[in-house]
Every structure is written in structure tokens, then in C-alpha cells.
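Structure first, then comments.
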Amino acid sequence: MNRVFSGIQPTGDLHLGNYLGALRNWVRMQHEYSCLYCVVDLHAITMWQEPDALRHNTLEVTAGLIASGLDPKSNIIFNQSRVPAHAELAWIFNCVARLGWLNRMTQFKDKAGKNRENASVGLYAYPNLMAADILAYKATHVPVGEDQKQHLELARDIAQKFNNDYGVNYFPLPEPVIQGPATRVMSLRDGTKKMSKSDPSEASRINMTDSADDIAQKIRRAKTDPDALPDSANDLETRPEAANLIGIYAALSDMNSDEVCKKFAGAQFSAFKEALTERAVSVLAPIGAEMARLLENQDYLDQVLIEGAARAGAIAEPILHETFRIVGLRRG
């Protein structure tokens, strides 16, 4: 059976990049695979989180998943900390993975920056927990962005080394799934940087909870260049802000960038931004409204996570039990 696992951190403010790069594709996959979608709250605490905010953000992300179109009956939607198998398997993988592998992880270098010695051990070992997230369910496919491909390659290395070390063919080597024309949405203020919730400027991103007026204002103020839209996407290589806005329109319209260029060739960005605003509002405003409605019923969201965790645990528990047996550990 092909099984999909993917996760999203509950660090607040789901944005357009999350929707186009992940959530929309998850919705499209939900009837093709057996899918588990996880709010990875254990990953979130690798960086300090205010506890009440973490609890709220976990529910907000859950609301965002459902509002985007994920059916909690067809999929398993749960938060990571409710299924102990993630942490237990991560420890075994801590003993399988090599320091040299983790030292090559570029995301740790980016997040730790110059304060590497002050970074948490959790941030350093994050990829081992990500491998456990995937392999606790023997997932065969993982939707990932370009920035997570290296972590998935590590998960494959860990699975292969475990199998080789213990002379078994137990864990599959999960395959990356990268879909859609806008898997990497860039900042509205700097077309060379990824759209991110960590950017201090609210104007850099469109949040899924933004009002129609907020969306319109952010697009109107988005950085562009003085030239008109080209008639070919080949002419966007040296125009990162233009390429970003055209790519966003393309993704929201199920078109490619070349088709958008032909449609708006010669237009000024003031006119194009009006069309982009109309498109973005038509897609995101209903999602934001549904998120707000769901967040008014937090008991329902909690129940989704509780039921999802029970279903996820039922899959992970026998896999973890057999893993312990293979390693020579007693469990239960």
C-alpha cells in the first residue's frame, strides 16, 4: 500500500506559501493514497515556544488543514505529541544516524546561525525525529518542499542503514513528492527570499486568515519592477519579484507561468496586481472564513486530533513493537 506522511509545524500564521506549497497538494492527494497529516508540535519546540501560543497554534493549523479541504474522515489528522511512537523511534534512529550526516544538514546551519553552540540538541537532531515521523508508519511517499529534500534523503539513509545493520528488509525508502508550479513561494518584499512566517514584516506574506482588504493591500504594496509583463516566462530570470507574482497567479489559477505571461503580456503591474488580488481573494477568503468558524469550536478540533492520534497510533504501535524486537529490546 502506498502511504503518505507529511507534517506542518504549529508556529502560527499559515500563509500563502504553506497553502500553495503544501496544503493544496495534500488535498489533491487525499483520495489517491492512505494519508497521514501531522501537526508536528515536537518539532516546534526545538525553538522556544510560549506554551499557550503553542496550544492555540496547534488548533489553528488543524483548522487550516480542514478549511483547505482535508477531510478528517478520509485522512488521519493528528498532532505528533499524542503518539509516543515518534519520540521512541527517534531515539533508536539517534543511535543509527551518524554525526557526519547531521553535520551536513544545511537547515541546522541556517537556523542556528552564529549561535551554533547555544542551539538546542533537539534542533540538531531534528532530522532523526523527522525520519521517525515517516518510518513509524512505513510511509512510502512524502510531499516535501525543496528545503526539506535533504532531510528526506537522510530518512532514506537511516532506513537503509537500519536494514543493513540488522539484516532485514523492514523499513521502506520513502520517495519525495514535489508537485505544482509554485512549490516555493517567495516574499512579497524580496523575491529572492522564501515567504516565511518568521519574517518580521507582515507585508512580506499573505496569511490564510487575512481579510480581503489585507490581501489587497499586501499585493498592492508588493515589490515589483518598472517594466511591463513579458510575453514569455523565459524573460523573468533576472526579475525575481515579477517572477514571484506571476508564479503565484499561475498557481492560484492552475496555469503555468508562461501561460500567465501570454495572457498579460505588455500589461503594467498595477493592472496585473488587480487581477492577482481578485484571484487570491477568491481562493483564500473562503478558507480564512472557514478557519474562523472552526476555531470557534475548539472542542471539535481537539476531537479531530484525539481521534486522529488513536488511528495513527494503531498503525505505528505494531511497527514500533517489531522495531524493538529487531533491535533486541523488550517493550511491553
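The values are calculated or read from the model by the stated rules, or taken from the named source; none is laboratory data. Because the structure is a prediction, the values reported are computed rather than measured. Here the Cβ positions follow ideal geometry from the backbone for every residue, glycine too, while neighbour counts run over all protein chains shown. Please note that ligands, DNA and RNA were not included when accessible areas were found on the heavy atoms of the full protein model with its side chains. Shrake-Rupley method; radii C 1.70, N 1.55, O 1.52, S 1.80 Å.
I'd like to verify a number: residues in the stretch 7-45 that are open to solvent by 20 Å² or more (accessible area, probe 1.4 Å) and either more than 21 Å from Ile215 (Cα to Cα) or of a type in the set (Val, Ile, Thr) (or both), how many?
Count: 11.
Considering only helices (runs of 4 or more DSSP H) fully contained in the stretch 212-275, which possess at least 2 residues that are out of contact with any helix residue (DSSP H, G or I) (no Cβ under 7 Å at 6 or more places or on another chain) and in contact (Cβ under 8 Å) with a residue 40 or more places away in the chain? Can you show your working first?
Values: elements: 212-221, 240-252, 257-264.
Hits in the stretch 212-275: 240-252.
So Glu296 clears everything in (1) closer than 30 Å to Thr140 by Cβ; (2) free of Cβ contacts under 8 Å to residues at least 60 places away in the same chain; (3) open to solvent by 80 Å² or more (accessible area, probe 1.4 Å) except one condition, right? Which one?
Every listed condition holds for Glu296 apart from (1).
Does any residue of the stretch 170-179 turn out to be at pLDDT 90 or above, over 25 Å from Arg3 (Cβ atoms), under 21 Å from the mean Cα position of the chain (by Cα) and open to solvent by less than 30 Å² (accessible area, probe 1.4 Å)?
no
Do we find that Glu32 is out of contact with any Lys or Arg (no Cβ under 6 Å at 6 or more places or on another chain) and part of a helix (DSSP H, G or I) in this structure? Quick ask: steps written out before the conclusion?
Working: out of contact with any Lys or Arg (no Cβ under 6 Å at 6 or more places or on another chain): yes; part of a helix (DSSP H, G or I): no.
Against the criterion (out of contact with any Lys or Arg (no Cβ under 6 Å at 6 or more places or on another chain) and part of a helix (DSSP H, G or I)), Glu32 does not qualify.
Scan the stretch 230-288 for residues that are open to solvent by 30 Å² or more (accessible area, probe 1.4 Å), under 24 Å from the mean Cα position of the chain (by Cα) and of a type in the set (S, T, N, Q) and report the count.
Residues flagged as open to solvent by 30 Å² or more (accessible area, probe 1.4 Å), under 24 Å from the mean Cα position of the chain (by Cα) and of a type in the set (S, T, N, Q) within the stretch 230-288 amount to 3.
Under the condition of being of a type in the set (Ser, Thr, Tyr) and surrounded by fewer than 20 Cβ atoms within 10 Å (Cβ to Cβ), which residue from the stretch 180-208 is farthest from Asn2 (Cα to Cα)?
Out of the qualifying residues, it is Ser201.
Filter the stretch 55-107 for residues that are open to solvent by 10 Å² or more (accessible area, probe 1.4 Å) and in contact with a Gly (Cβ under 6 Å, 6 or more places away or on another chain); which is nearest to Gly17 (Cα to Cα)?
The residue in question is Asn57.
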